[in-house]
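Undergrad: Have a look at this one before I ask anything.
Just so you know, all these numbers are worked out from the coordinates, no wet-lab data involved. Owing to the predicted nature of the structure, the values given are computational and were not obtained by experimental measurement. Reconstructed Cβ throughout: ideal geometry from the backbone, glycine too, with neighbour counts over all protein chains shown.
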Amino acid sequence: MEICTVGGYNEVGRNMTAVKFGDKAVIFDMGLHIEKVVNHEDEERYNLKSDQLLDIGAIPDYRTIDDWKENVVAIMIGHCHLDHIGAVVHIAGKYPNAPIIGTPYTIEILKSIIIDDKIKLPNKLVVLNADSSLELEKDLTVEFVNITHSTLQTVVIALHTSEGTVVYANDFKLDDHPTIGQKPNMKRLRQLGEKGVKVLILDSLNAGIFKKTPSEKVAKEMLKDVLLGTNNRGHAIIATTFSSHIARLKSIVELGMKMNRKVIFLGRSLHKYVTAAEKLKLVKISGQALVIGYSREVRQKLAQIAKEGRDKYLIVCTGNQGEPNSMLSRLAGQELPWKFQADDHVVFSCRTIPSPSNQANRELLERRLRNQKVRIFSDIHVSGHASREDHRDFLDALKPEHIIPSHGDITKLSAMADLASELGYTLGKTVHLMQNGQRLTVN
Ligand SMILES: [Zn+2]
Ligand SMILES: [Zn+2]
């Protein structure tokens with residue numbers, strides 16, 4: 001069995017991994033390195049062509065598996081975050097006969113990206129529910145195991161082949177109290193471990209953080225603390241989070257209703273992720289909140305809010321990373337019919353993804369807000385990624401023969417290698433530090 005770590009091993013972003021056994025190959029994820037594109041135009045409309053994206057390192061370098069091109073029989077996507085799904089429209093067409101397999105929500109988001117980007121994909125889109133399997137060929141079965149993360153319907157993928165089982169766990173956390181969806185299916189993971197896992201490709205983003213990642217329930221409590229526990233009478237409240245974080249959005253809506261404020265979502269990407277979740281009946285937000293995706297309507301609504309009284313509303317908008325063309329940056333820059341007043345609240349229910357451009361954007365945004373005397377509440381958030389003590393439990397359940405740390409640069413990958421050595425794995429023999437484009441043969 002050969003594994004090519006195509007992308008996401010030198011950076012946090014553009015995840016893609018390929019596995020070849022016999023004359024068949026499968027691909028896990030095709031993601032964007034979002035930071036490379038985010039400063040173009042706006043947060044999600046990329047007008048760059050595929051080869052330009054390749055040049056700037058925004059998409060995985062699929063050319064490193066060109067010799068496997070004819071062998072690819074399936075493309076599997078673990079969840080709908082753009083660092084896992086965002087390059088599908090640019091790359092999947094190179095393997096026209098390979099179906100793209102994902103959970104209903106993941107495929108729904110993929111469909112909306114295909115429409116947004118006006119791209120025709122030759123690949124078949126195949127829906128597979130969490131905790132179910134699909135036999136692709138006689139010696140190849142794909143299994144989705146339910147897991148928790150910061151968006152809906154995330155799965156750990158187990159690929160059962162004639163040469164053993166490969167498990168792909170990018171991204172996940174172990175949350176025993178999810179606010180939407182089921183707990184991680186630890187029972188099944190343990191069964192897989194008992195049967196034998198040849199290789200585990202493992203999200204190492206927080207492997208260097210010595211704790212257990214808190215549950216989403218904790219984030220809800222943090223939000224409650226801020227929203228219900230501060231004096232916001234007479235003032236606007238604007239909250240921002242990741243548009244795909246439906247559980248968090250649901251908590252904000254619930255709290256807004258408790259505060260007797262009308263909840264309004266502003267921004268195209270919020271509209272996209274919420275609409276997909278509602279279509280699949282995973283959440284009910286419309287009826288409790290108004291979701292406005294289009295610019296003209298946003299302007300009308302903001303004017304209405306200013307007139308009716310800003311303290312009657314809770315506004316949720318895009319722009320948690322300070323993206324220059326996001327709704328929040330435009331509100332702060334007075335590009336919309338909106339003026340902040342002293343002591344208005346802005347709640348960042350997120351963490352700034354630590355890259356120089358993000359940090360610069362966010363700093364500029366906060367400076368503008370502070371200049372307008374806005375009260376800022378940062379880091380009202382818990383991570384969607386497992387930390388070191390979760391990994392210890394995860395590894396104990398799966399007991400893989402080989403570990404390939406993924407989802408980060410060398411510092412993150414080494415943190416996982418370090419934990420693995422603690423657990424008895426040997427660097428270079430059973431735990432493998434890989435870079436983009438490298439290959440590993442496992443017997
Ligand atoms: Zn990710
Ligand atoms: Zn993710």
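Undergrad: How high is the relative contact order of the stretch 216-377, in percent, counting Cα pairs under 8 Å that sit 6 or more residues apart? List each step's numbers first, then the result.
TA: On the way: 266 pairs, mean separation 45.4, N = 162.
Normalised by residue count, the contact order of the stretch 216-377 is 28 percent.
Undergrad: Sequence gap at least 6, Cα distance under 8 Å: using those rules, report the relative contact order of the chain to the nearest whole percent. Provide the component values of the computation, followed by the final result.
TA: Working: 1009 pairs, mean separation 84.5, N = 443.
Relative contact order here is 19 percent.
Undergrad: Exactly which trypsin sites (Lys or Arg not before Pro) in the stretch 209-240 are in a DSSP loop and have at most 14 other Cβ atoms within 10 Å?
TA: Within the stretch 209-240, the qualifying trypsin sites (Lys or Arg not before Pro) (loop, at most 14 other Cβ atoms within 10 Å) are LYS211, ARG233.
Undergrad: Can I ask one more? What do you get for trypsin sites (Lys or Arg not before Pro) in the stretch 69-176 restricted to DSSP loop and a cutoff of at most 14 other Cβ within 10 Å of the site's Cβ?
TA: Of the trypsin sites (Lys or Arg not before Pro), the ones in loops of the stretch 69-176 whose Cβ has at most 14 other Cβ atoms within 10 Å are LYS118, LYS120, LYS124, LYS138.
Undergrad: Same structure again: To check you understand DSSP bridge types, tell me what percent of the beta bridges within the chain (both residues inside) are antiparallel, rounded to 5.
TA: 45 percent
Undergrad: What base-10 log of the normalised intensity I(q)/I(0) is obtained for the chain from the Debye formula, alpha carbons as equal point scatterers, at q = 0.09 Å⁻¹?
TA: Calculated log10 I(q)/I(0) at the listed q: -0.56.
Undergrad: If you don't mind, another one. State the Cα centre-to-centre distance between the stretch 362-400 and the stretch 90-108 in whole Å.
TA: 29 Å
Undergrad: Straight distance only, please: which aspartates and glutamates reach the Cα of LYS262 with their own Cα at less than 12 Å, same-chain residues fewer than 8 apart left out?
TA: Reachable aspartates and glutamates: GLU254, GLU308, ASP311.
Undergrad: So how many Lys-Lys pairs in the stretch 296-387 land under 15 Å Cα to Cα, not counting same-chain pairs under 8 apart? Please report the intermediate quantities before stating the final value.
TA: Working: LYS301/LYS312; LYS301/LYS339; LYS307/LYS339; LYS339/LYS373.
Within the stretch 296-387, the lysine pair count is 4.
Undergrad: Please give the peptides 406-414, 11-19, 202-210 ranked by average Cβ packing (other Cβ atoms within 10 Å per residue), highest first, as a rough proxy for protection. Could the numbers behind the result be given before it?
TA: Working: 406-414: 20.2, 11-19: 25.4, 202-210: 22.9.
Result, highest mean Cβ count within 10 Å first: 11-19, 202-210, 406-414.
Undergrad: Assuming 1.306 mPa s and 10 °C, estimate D for the stretch 216-377 with Stokes-Einstein, Rh taken as the Kirkwood radius over Cα pairs, in µm²/s.
TA: 101 µm²/s
Undergrad: Listing TYR425, TYR95, TYR313, TYR9 from the residue with the fewest other Cβ atoms within 10 Å to the one with the most, what is the order?
TA: Listed from fewest to most nearby Cβ atoms, that is TYR425, TYR313, TYR95, TYR9.
Undergrad: Could you give me the ³J(HN,Hα) list for the stretch 248-262, computed from phi with Karplus coefficients 6.51, -1.76, 1.60 and θ = phi - 60°, whole Hz, x at Gly and Pro?
TA: 5, 4, 4, 4, 4, 4, 4, 5, x, 5, 4, 7, 6, 10, 6
Undergrad: What are the trypsin sites (Lys or Arg not before Pro) within the stretch 257-304 that DSSP puts in a loop, where the Cβ has at most 16 other Cβ atoms within 10 Å? Can you show the working numbers first?
TA: Values: sites: LYS258, ARG261, LYS262, ARG268, LYS272, LYS279, LYS281, LYS284, ARG296, ARG299, LYS301; in loops: ARG261, LYS281, LYS284.
Taking the stretch 257-304 and a limit of 16 other Cβ atoms within 10 Å, the loop trypsin sites (Lys or Arg not before Pro) found are LYS281, LYS284.
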